[in-house]
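Below: one structure, written as structure tokens.
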Amino acid sequence: MAKIRVALVGIGNCASSLVQGIDFYRGARGDDPVPGIMHLDLGGYHVGDIEFVAAFDIAKGKVGRDLAEAIAAPPNNTERFAAVRPTGVEVRRGPTHDGIGHYLRKVVIESSQPVDDVAGTLRRTGAEIVVSYLPVGSEAAARWYAEEALRAGCGYVNCIPVFIAKDVQWRERFRKCGLPLIGDDIKSQVGATIVHRVLANLFRERGVRVDRTYQLNFGGNTDFQNMLERERLQSKKRSKTDAVLSQLDEPLSDDEAHIGPSDYVPWLTDRKWCYIRIEGTTFGNLPLNCELKLEVWDSPNSAGVVIDAIRCAKLALDRGIGGALLGPAAYFMKSPPQQFTDYEARARTEAFIRGEAEF
Ligand SMILES: NC(=O)c1ccc[n+]([C@@H]2O[C@H](COP(=O)([O-])OP(=O)(O)OC[C@H]3O[C@@H](n4cnc5c(N)ncnc54)[C@H](O)[C@@H]3O)[C@@H](O)[C@H]2O)c1
């Protein structure tokens, strides 16, 4: 099978987990145990068919270095679970735009290297799919890279909560260019969002009314440090809240549903802790409350989903399908163009992978 040529934007913890994961699962075959991966083979593409051909960042310790070294450079602090061999891909300097927030100004020192011709590099390296891992709040930077992807003829996987696939005009532009778009805001493997959605569905299907709920999240990585800046996390909070509320018949107000990133605890490093509480009313108008805590390694928890999203985008390229992929977006992302239950989104994604018309 042909390789899938991928360009990465933002070489932080998530990119680190993704790059390590490709090496980690490359040799896996058939019945090998592959925790964290939903499809070892997806539509004929093995995990190891993903190849990184270009990478962009702005940080001094990352720009100019091989991707394999850059993923280990501070302030990245996720778990190292695989030794990554040199990739031959040098991280290039992207334009900063609004990529550095207030709390990271002293942490992320900008590279003094000249800004790259990003679309030119994408073309020259034969990149087919751009994966965006920019920080939360990078509204201008996210749109700029989506524009470069269009200019270079690349599909786009938008892992961050800046609304691109959700925006009808962006969807139309990708469709007209025959380029696939999967977004927005990656939904982790078994993360806070999908656990909360499944519980909300359980309440709904079993006839228990949800009266109020919260989801409090905190971790010790730069993603959480950046999100201390409340102005930057408006779209993240909206994305996380809507992902859960979309599963209810009776919508809750923002006062009744408090869902979002909550704090930064440095010693957790790339671990994330999440507390969910749902208060409902059941038979006889009696109260029914549910409470749980989830502990995960934050960045590796979404890498397996991105690996599937990349391969779905590649299948779309192979089949000449452009624009938003509705089923895969609903399964892989918190803020897709159209929400379904996770069961239906999964069925649509599997139908898409099999090449059936309806997806
Ligand atoms: N499970 C998860 O970790 C998860 C889930 C959903 C969404 N996300 C989102 O994925 C994104 C990345 O998360 P992360 O943990 O890797 O963050 P991170 O802070 O570790 O990495 C962000 C990287 O982007 C770089 N950057 C900043 N501005 C840039 C620019 N203009 N051009 C190129 N690079 C730039 C930074 O230097 C840094 O290396 C965040 O928006 C996060 O909210 C993560």
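Taken together, the values in this text are just the output of simple stated rules run on the coordinates, not laboratory data. Note that the structure is a prediction, hence the values are computed from the model and not measured. Every residue, glycine among them, receives a Cβ derived from its backbone with ideal geometry; neighbour counts consider all protein chains shown.
Numbers below:
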read-out: 3J(HN,Hα) from dihedral phi, segment 270-283, Karplus parametrisation 6.51/-1.76/1.60, rounded to Hz, x for glycine, proline; value: 8, 8, 10, 10, 9, 10, 10, 9, 10, 10, x, 10, 10, 2
read-out: Contact order relative to length of segment 251-312, as percent, for alpha carbon pairs under 8 angstrom and 6 or more apart; value: 28
read-out: Charge dipole magnitude, Cβ of K and R +1, D and E -1 - the chain, Cα centre, debye nearest 20; value: 520
read-out: Given charges at Cβ of Lys, Arg, Asp, Glu: segment 8-99 dipole, positive-most of Y25, H39, G61; value: G61
read-out: Relative exposure of C154, C159, C177, C274, judged by other C-beta atoms within 10 Å (fewest first); value: C177, C274, C159, C154
read-out: Low-density loop positions, trypsin sites (Lys or Arg not before Pro), segment 200-265 - DSSP coil, at most 11 other Cβ in 10 Å; value: R206
read-out: Length added when fully stretched, A2-E205, from 0.36 nm per residue minus Cα-Cα; value: 68.7 nm
read-out: Positive-pole candidate from I310, L288, P300, dipole of segment 287-350, charges at beta carbon; value: I310
read-out: Tensor-based shape of segment 231-359 (alpha-carbon gyration tensor, a/c under 1.5 rounded, otherwise prolate or oblate); value: oblate
read-out: Taking the chain and dividing mean pair separation by its residue count, relative contact order in percent (alpha carbons under 8 Å, at least six apart); value: 20
read-out: Cα-based shape type of segment 174-294, given that a ≥ b ≥ c are square roots of the gyration tensor eigenvalues and the cut on a/c is 1.5; value: oblate
read-out: Ratio Rg/Rh, restricted to segment 73-167 and using Cα atoms, in which Rh is the Kirkwood radius; value: 0.96
read-out: Cross-link pairs K166/K293; K106/K272; K62/K272; K237/K293; K106/K236 - those with Cα-Cα distance over 26 Å; value: K166/K293
read-out: Size of charge dipole - segment 1-120 - debye, nearest 20, with Cβ of Lys, Arg +1 and Asp, Glu -1, no other charges; value: 320
read-out: Exposed GluC sites (Glu not before Pro) absent: longest stretch of the chain, with sites in DSSP loops and at most 13 other Cβ within 10 Å deemed exposed; value: 1-355
read-out: Sequence of L40, L315, L292 once ranked by neighbouring C-beta atoms within 10 Å, starting from the fewest; value: L292, L40, L315
read-out: The chain: C-alpha gyration tensor shape, a/c 1.5 cut-off, then a/b vs b/c; value: prolate
read-out: Bridge type composition, the chain - antiparallel percent by DSSP, nearest 5; value: 50
read-out: Farthest toward positive dipole pole in segment 200-246 [+1 Lys/Arg, -1 Asp/Glu at C-beta], among L216, Q234, L202; value: L202
read-out: Exposure proxy order (Cβ contacts within 10 Å, fewest to most) of L202, L268, L286, L179; value: L286, L202, L268, L179
read-out: Student exercise, segment 192-297 dipole from Lys, Arg, Asp, Glu Cβ charges, in Debye to nearest 20; value: 200
